[in-house]
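Step one of this worksheet: look at the structure below.
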Amino acid sequence: MTWALSGDHVLDPHGSAWPIHLQLPGRANKANAATSAAVAAVFGVPPQVALERMYQVQAVAGRYDVVSFLGRDVRLLLAKNPAGWLETFSLIDPPPTPVILSVNARGADGTDTSWLWDVDYTRLAGHPIVVIGDRKLDLAVRLEVAGLDFRVAEDMDEAVRLSPPGRIELIANYTAFQDVRRRVGN
């Protein structure tokens, strides 16, 4: 048998189930924890110890951080590819939570934005949406085709001002995420 993720547990090769308790959201982070526990075991760290230490992690390079910006709480979420965008949609608070989407197409992102058409943005129905980033107009076309209501903003400041009250979920691709982090001081 090998290591496996089963719900909220890591199964080791001996069939023991180790509970996963993370502060990071989502199934993808549980899968990362299972993989990390397996690697830690190779280096002699017991699964229980490794998994307990993983609970200490609240954010990864700004991902999942909640920052205060212009008097609002903004949760920073990184999505690098269509699968990542869909996973991230499953993590956000339900409507009417406001959502800011930011997309660039710089070297680290890849300059081709055709992947926008591989993301099911209809999962954001009911959320007030504001789009920013270098490729905000490409994203706006995609959201228009998906039949979603949204607004286009010039920058993070305007996007926050256009968002209704409540914590804001911000989802961005790689360089857009870095731009936002610099702007919010994170």
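The values are calculated or read from the model by the stated rules, or taken from the named source; none is laboratory data. Computed from a predicted structure; not experimentally measured. Cβ placement follows ideal geometry from the backbone for every residue including glycine, while neighbour counts extend to all protein chains displayed. Heavy atoms of the whole protein, side chains included, go into the accessibility calculation; ligands, DNA and RNA do not. Shrake-Rupley method; radii C 1.70, N 1.55, O 1.52, S 1.80 Å.
Side notes on the structure shown:
- All positions within segment 81-108 that are touching a residue at least 40 places away in the same chain (Cβ under 8 Å) and polar (S, T, N, Q): T88, S90, T97, S102, N104
- Set L77, L86: member being aliphatic (A, V, I, L, M), open to solvent by less than 70 Å² (accessible area, probe 1.4 Å), under 21 Å from G133 (Cβ atoms) and part of a helix (DSSP H, G or I): L86
- Some residue of segment 151-171 being assigned to a helix (DSSP H, G or I), closer than 17 Å to G110 by Cα and open to solvent by less than 60 Å² (accessible area, probe 1.4 Å): no
- Pairs where the first residue, in segment 1-30, is modelled with pLDDT under 90 and the second is open to solvent by 50 Å² or more (accessible area, probe 1.4 Å) and in a helix (DSSP H, G or I), C-beta under 7 Å, 6+ apart: G26/E87; A28/E87
- Only one of A4, A37, A17, A33 that is of a type in the set (G, A, S), surrounded by 16 or more Cβ atoms within 10 Å (Cβ to Cβ) and more than 30 Å from V184 (Cα to Cα): A37
- Pairs linking a residue in segment 60-73 that is within 20 Å of P165 (Cα to Cα) to a residue that is part of a loop (DSSP other than H, G, I, E, B), with Cβ atoms under 6 Å and 6 or more positions apart or on different chains, are Y64/L24; D65/A59; D65/N186; V67/N186; D73/R167.
- K136 over 16 Å from the mean Cα position of the chain (by Cα) and surrounded by 14 or more Cβ atoms within 10 Å (Cβ to Cβ): yes
- Scan of segment 161-185 for residues that are under 22 Å from P95 (Cα atoms) and of a type in the set (D, E, K, R), ordered by number: R161, R167, E169
- Note on segment 49-58: residues that are in contact (Cβ under 8 Å) with a residue 24 or more places away in the chain and open to solvent by less than 50 Å² (accessible area, probe 1.4 Å) total 2.
- Of the residues contained in segment 139-146, none is found to be open to solvent by 50 Å² or more (accessible area, probe 1.4 Å), without any contact (Cβ under 8 Å) to a residue 24 or more places away in the chain and closer than 19 Å to K80 by Cα.
- Of the residues making up segment 109-118, those that are free of Cβ contacts under 8 Å to residues at least 40 places away in the same chain and either among the acidic types (D, E) or under 19 Å from R151 (Cβ atoms) (or both) number 3.
- Any hit, segment 61-69, residues being over 17 Å from the mean Cα position of the chain (by Cα), part of a loop (DSSP other than H, G, I, E, B) and under 23 Å from A140 (Cβ atoms): no
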